[in-house]
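As structure tokens, the structure follows; a few thoughts come after it.
The values are calculated or read from the model by the stated rules, or taken from the named source; none is laboratory data. These numbers were taken from a predicted model, which means no experiment stands behind them. Positions of Cβ are generated from backbone atoms using ideal geometry, with glycine treated the same way; all protein chains shown enter the neighbour counts.
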Amino acid sequence: MQLFILVSLSLIFLSANSIFARMALITQNIDAFSFTFLRILSGAILLLIIYFYKTKTLKFDLKKNWISSFMLFLYAICFSYSYVNMEAGVGTLILFASVQISMILIAIFYKEKFSSKKALGVIIAFSGLFYLLYPKEEFSLSFYHSFLMILSGIAWAVYSVLGKKSTNATLNTTDNFLKATLFVIVFMSLFISELKFDLYTASLAIISGSLTSAVGYLIWYFVLPKMKITTASILQLLVPIIAIFLGVVFLDEALTFELIISTLLILLGILIALFWAG
């Protein structure tokens, strides 16, 4: 039951990231890089406070976690720039479709057991994503922003897989955020002329960084070692569904017939993969 609650909470936080990003960037009062910088920096500060409160000692290793930290940075920067021109629901669908494909390919590479029933569940869930994203006359996407979101999804998949090796969620997540902050600072010189934000958008970025990112990823890193790669992959298919409905409520994004059908297909696929597959 505790694992179920923690997984559910982490998925809600992952979904909320898309809402906060879109709420901030749609105002055009903050640029994507500033949103990323404030998000990662605020997350690093909160995690550092939590870490020192728990341990009272400094145990960070400058030789470790650079790959996972860069993947966190790559995920966050591509994520922000995608939402400059993409609705929260659609963006999250593309993001986590990329995550699922990447994690399943990684699981196959590591020869993780993948039953036919679990495969059926994944296929049904993906059919829901495909149905929603299939091109329509009234529906068009920017190739550039879609590519960035796909790249963001691949980075998050690698970050999640590396998280399975975590033996100390608080230490590893804090370390990842601190080193990701260094990557942001290094790349800041390329975007210095674009930087802008106001109190409202900065607040959204800080909430996204400290609560839904830092705390959310801390919980996610805690539960990851307790799951198979494929199970973690399938569970993350819930994130687009949650984000879509949050987008309807908070951003007035449309709840269409296609959206409802795809939601039902994805949920059916998840139920089959997680419960019927055993």
*Assess whether ILE234 counts as being assigned to a helix (DSSP H, G or I) and over 14 Å from the mean Cα position of the chain (by Cα).*
no
*Does region 4-56 hold any residues that are at pLDDT 95 or above, in a loop (DSSP other than H, G, I, E, B) and charged (D, E, K, R), and which are they?*
ASP31
*Which members of region 250-266 meet the condition of being in a helix (DSSP H, G or I), touching a helix residue (DSSP H, G or I) at 6+ places or on another chain (Cβ under 9 Å) and either among the β-branched types (Val, Ile, Thr) or without any contact (Cβ under 8 Å) to a residue 60 or more places away in the chain (or both)?*
ILE261, THR263, ILE266
*In region 228-278, how many are surrounded by 20 or more Cβ atoms within 10 Å (Cβ to Cβ), under 24 Å from PHE79 (Cα atoms) and of a type outside the set (A, V, I, L, M, F, W, C)?*
7
*Which of the following residues is at pLDDT 85 or above, over 17 Å from the mean Cα position of the chain (by Cα) and of a type in the set (A, V, I, L, M): LEU171, LEU141, LEU151?*
LEU171
*Per-region count, region 1-29, residues hydrophobic (A, V, I, L, M, F, W, C) and more than 19 Å from ASP252 (Cβ to Cβ)*: 11
*Report, by residue number, each residue of region 180-209 that is buried (at least 19 other Cβ atoms within 10 Å of the Cβ) and either free of Cβ contacts under 8 Å to residues at least 40 places away in the same chain or touching a Gly at 6+ places or on another chain (Cβ under 7 Å) (or both).*
GLY209
_Criterion first (touching a Ser or Thr at 6+ places or on another chain (Cβ under 8 Å), surrounded by fewer than 15 Cβ atoms within 10 Å (Cβ to Cβ), over 21 Å from TYR144 (Cβ atoms) and not polar (S, T, N, Q)) does LYS54 satisfy it?_
yes
*Single match in LEU141, LEU148 (criterion: under 17 Å from PHE79 (Cα atoms), in contact with a helix residue (DSSP H, G or I) (Cβ under 8 Å, 6 or more places away or on another chain) and not in a helix (DSSP H, G or I))*: LEU141
*Is it the case that SER34 is surrounded by 23 or more Cβ atoms within 10 Å (Cβ to Cβ) and under 26 Å from GLY247 (Cα atoms)?*
no
*State whether one or more residues within region 85-97 are in contact (Cβ under 8 Å) with a residue 60 or more places away in the chain, in contact with a His (Cβ under 7 Å, 6 or more places away or on another chain) and part of a helix (DSSP H, G or I).*
yes
